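Before any comments, here is the structure.
The values are calculated or read from the model by the stated rules, or taken from the named source; none is laboratory data. Because the structure is predicted, anything quoted here is derived from the model rather than measured. Neighbour counts run over all protein chains shown; Cβ positions are idealised from the backbone, glycine included. Surface accessibility is based on the protein's heavy atoms, side chains included, excluding ligands, DNA and RNA. Shrake-Rupley method; radii C 1.70, N 1.55, O 1.52, S 1.80 Å.
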Amino acid sequence: MGLLDHNAWQGKIYSRGWVDGGGGAYDAVEPATGHTLGSVGAASPADVRNAASIALEAQKGWAASTYDHRAAVLRRAGQLFLDHEEEINGWLVRESGAIQPFAQFQTRGVAAEECWEAAALASHPYGELLRSNQQRLSMARRLPVGVVGVIAPFNAPIILAVRAIAPALALGNAVICKPDPRTAICGGAVFAEIFAEAGLPEGLLHVLPGGADVGAAVVDDPDIKVIAFTGSTRAGKIIAEAAARQLKRVHLELGGNSALIVLDDVDLEKAVSVGAFGSFNHAGQICMATSRHLVADTIAGDYAAALAEHADRLPVGDPTGQVAIGPIIDTAQRDRIHTVVTRSIEAGATLAAGGTFDGLFYRPTVLSDVPITAPAFTEEIFGPVAPVVAFHDLDDAVRLANGTEYGLSLGILTRDVMKGLSLAERIPSGLVHINDQTVNDEALIPFGGVGDSGTGARHGGIAANLDAFTDTQWVTMRADLPQYPF
């Protein structure tokens, strides 16, 4: 029997089981075809309040349980992602528009690994002994924060939710997850079913699809102590401002305008292949996408021409077939991409490939000679667009790379890796890849950006997860009561 074969989830939200949501129900639509995939329950702000209350009570028993019990649930969840891999991949392909390799990466390459890494986190030392000048034992220990709110986007719905859900649960917290309503099955219902089957006690995980009002309720609820948000910089700033009024901790992984710097000593064909993947993978709908190709002026023309040839060869279409690029998530995002392209051409950029669409299928697009004032250089595109800009020397490359408020990912292609590392030290970025493109992820690495890309590494790795989902408490113990001069 498949993970979602039964109909219990149809038109429901998940809050201590599948129940009716206060927002009614809506159709999940396949972007590639427009077909209805199923009915999804919509939550209301009142559902958030109810779920947070339930989660707060359930979390107490979960935090008091033994670490090996929590670890066992996470290990089983990781295995269940593999056991149901084909079905989950099918939902990712149809609901989010991912091609098969990207769906497989999310399920096998990340979701299972995140659960297994989290299982190990449950048994990690949770404190340290501190020296003291007084006759006492002094220590710092980590305690779960309580209830964690996870607000996840549409573009990589498995990855961008599980990297917060799994460690938060492993460390003894409960979770309220608000998936993007456009991917509420693969990014919501899947988690509810996986963790229920893995033996997670009832009341610890709630899946509440909904719009901005539901997200605001998650941020505002007094019982939800930490918010892990992945999405646009604009929305992230609104969330940070709202959370600050409650002195609530937020972990923000936001937008990007990531540069790929291509030095003139590279193998041109290999460099173009690397750059094409960075810009066109998942139709460019990735926060780490290679958004600006900064290329040495001696090879920039040849690079742009070869990149255009690659773009013209890539098949675009229904991701259930053999294609390289699937659909844009919806018409609003497609129109925004096209506006960036057309405005950049009007500003002086040269259209070398693409620039057209059929329905939600946008052709991979290459823009050469892009002015640094054009939208394709200054804005996050979130589409399959590769702007190429020439630089004269390394100082010029640094100036161009730093010509953005974002600081998520940076790629540098060169035969001289030490030169690449030295160059990277001059460009603020949360992630750096020497001799690779900008889109990289693993379950065990600290992930996050700087500047308008977020609040630093708040996902992945032991230190980041402990900082994200626990509070530090100082504890001292004396053998006897001290004497005070009062």
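Taking the criterion of being open to solvent by less than 20 Å² (accessible area, probe 1.4 Å) and either part of a helix (DSSP H, G or I) or touching an Asp or Glu at 6+ places or on another chain (Cβ under 6 Å) (or both), would at least one residue in the range 424-437 satisfy it? Within the range 424-437 (the criterion being open to solvent by less than 20 Å² (accessible area, probe 1.4 Å) and either part of a helix (DSSP H, G or I) or touching an Asp or Glu at 6+ places or on another chain (Cβ under 6 Å) (or both)), the answer is yes, since at least one residue qualifies. Filtered by the rule that a residue be in a loop (DSSP other than H, G, I, E, B) and surrounded by 10 or more Cβ atoms within 10 Å (Cβ to Cβ), the range 466-486 gives a lone residue, R478.
Within the range 323-348, residues that are over 18 Å from S279 (Cα atoms) have Cβ atoms under 7 Å from residues that are of a type in the set (S, T, N, Q) in these pairs: A347/T373, counting only partners at least 6 apart in sequence or on another chain.
If you go through the range 19-58, how many residues are farther than 25 Å from P327 by Cβ and touching a residue at least 24 places away in the same chain (Cβ under 8 Å)? Number of matching residues: 19.
Hand me the list of strands (runs of 3 or more DSSP E) wholly inside the range 119-164 holding 1 or more residues that are polar (S, T, N, Q). Here the list reads 137-144.
Mind checking which residues of the range 321-353 are in a loop (DSSP other than H, G, I, E, B) and more than 17 Å from P153 (Cα to Cα)? Full working, then the answer.
Step one: filter the range 321-353 for residues in a loop (DSSP other than H, G, I, E, B), giving 321-324, 326-330, 347-349.
Answer for the range 321-353, where residues must be in a loop (DSSP other than H, G, I, E, B) and more than 17 Å from P153 (Cα to Cα): G321, Q322, V323, A324, G326, A347, G348, A349.
Confirm whether R136 is touching a residue at least 24 places away in the same chain (Cβ under 8 Å), in contact with a helix residue (DSSP H, G or I) (Cβ under 9 Å, 6 or more places away or on another chain) and open to solvent by 10 Å² or more (accessible area, probe 1.4 Å). Lay out the reasoning, then the answer.
On the way: touching a residue at least 24 places away in the same chain (Cβ under 8 Å): yes; in contact with a helix residue (DSSP H, G or I) (Cβ under 9 Å, 6 or more places away or on another chain): no; open to solvent by 10 Å² or more (accessible area, probe 1.4 Å): yes.
No.
Per-residue answers, yes or no, for (1) among the hydrophobic types (A, V, I, L, M, F, W, C); (2) out of contact with any helix residue (DSSP H, G or I) (no Cβ under 7 Å at 6 or more places or on another chain); (3) closer than 19 Å to F377 by Cα; (4) open to solvent by less than 10 Å² (accessible area, probe 1.4 Å):
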site: A240; (1), (2), (3), (4): yes, yes, no, no
site: G256; (1), (2), (3), (4): no, yes, yes, yes
site: L260; (1), (2), (3), (4): yes, no, yes, yes
site: D264; (1), (2), (3), (4): no, yes, no, no
site: D267; (1), (2), (3), (4): no, yes, no, no
site: R313; (1), (2), (3), (4): no, yes, no, no
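Got a sec? Which of P144, P125, P157 is over 20 Å from the mean Cα position of the chain (by Cα) and crowded, with 23+ Cβ neighbours inside 10 Å? Can you show your working first?
Values: P125 fails: crowded, with 23+ Cβ neighbours inside 10 Å; P157 fails: over 20 Å from the mean Cα position of the chain (by Cα).
The conditions single out P144.
Can you say whether L3 is assigned to a loop (DSSP other than H, G, I, E, B) and within 30 Å of G317 (Cβ to Cβ), as far as the supplied structure shows? Answer is yes for this residue.
A463 meets the stated requirement of being modelled with pLDDT under 95 and either of a type in the set (D, E, K, R) or open to solvent by 50 Å² or more (accessible area, probe 1.4 Å) (or both). When A52, A58, A98, A71 are checked against the criterion of being open to solvent by less than 70 Å² (accessible area, probe 1.4 Å) and more than 24 Å from L169 (Cβ to Cβ), a single residue qualifies: A98.
Of the residues G21, G90, the single one that is crowded, with 20+ Cβ neighbours inside 10 Å, at pLDDT 95 or above and under 30 Å from Q333 (Cβ atoms) is G21.
All of F280, F229 fail the test of being in contact with a Pro (Cβ under 6 Å, 6 or more places away or on another chain) and of a type in the set (F, W, Y), apart from F280.
Looking only at the range 93-112, which residues are within 15 Å of the chain's Cα centre (by Cα) and either part of a helix (DSSP H, G or I) or among the β-branched types (V, I, T) (or both)?
First, the residues of the range 93-112 that are within 15 Å of the chain's Cα centre (by Cα): 96, 98, 102-103, 105-107, 109-111.
Those that are within 15 Å of the chain's Cα centre (by Cα) and either part of a helix (DSSP H, G or I) or among the β-branched types (V, I, T) (or both): S96, F102, A103, F105, Q106, T107, G109, V110, A111.
Within the range 351-367, is there a residue that is out of contact with any helix residue (DSSP H, G or I) (no Cβ under 9 Å at 6 or more places or on another chain) and over 26 Å from A32 (Cα atoms)? Within the range 351-367, not a single residue is out of contact with any helix residue (DSSP H, G or I) (no Cβ under 9 Å at 6 or more places or on another chain) and over 26 Å from A32 (Cα atoms). Annotation: of all residues in the range 222-238 being part of a loop (DSSP other than H, G, I, E, B) and open to solvent by 10 Å² or more (accessible area, probe 1.4 Å), the one that is farthest from W62 (Cα to Cα) is S232. In the range 399-413, the residue that is farthest from G456 (Cα to Cα) out of those that are part of a helix (DSSP H, G or I) and open to solvent by less than 10 Å² (accessible area, probe 1.4 Å) is L400. Checking each residue in the range 438-451 for being at pLDDT below 95 and in a loop (DSSP other than H, G, I, E, B) picks out N440, D441, E442, A443, L444, I445, P446, G448, G449. Got at least one residue in the range 177-194 being touching a Gly at 6+ places or on another chain (Cβ under 7 Å), open to solvent by 10 Å² or more (accessible area, probe 1.4 Å) and assigned to a helix (DSSP H, G or I)? Taking every residue of the range 177-194 in turn, at least one turns out to be touching a Gly at 6+ places or on another chain (Cβ under 7 Å), open to solvent by 10 Å² or more (accessible area, probe 1.4 Å) and assigned to a helix (DSSP H, G or I).
Quick check on this structure: which one of A152, A112, A118 is closer than 18 Å to F229 by Cα and modelled with pLDDT of 95 or more?
Values: A112 fails: closer than 18 Å to F229 by Cα; A118 fails: closer than 18 Å to F229 by Cα.
One residue alone meets the criteria, A152.
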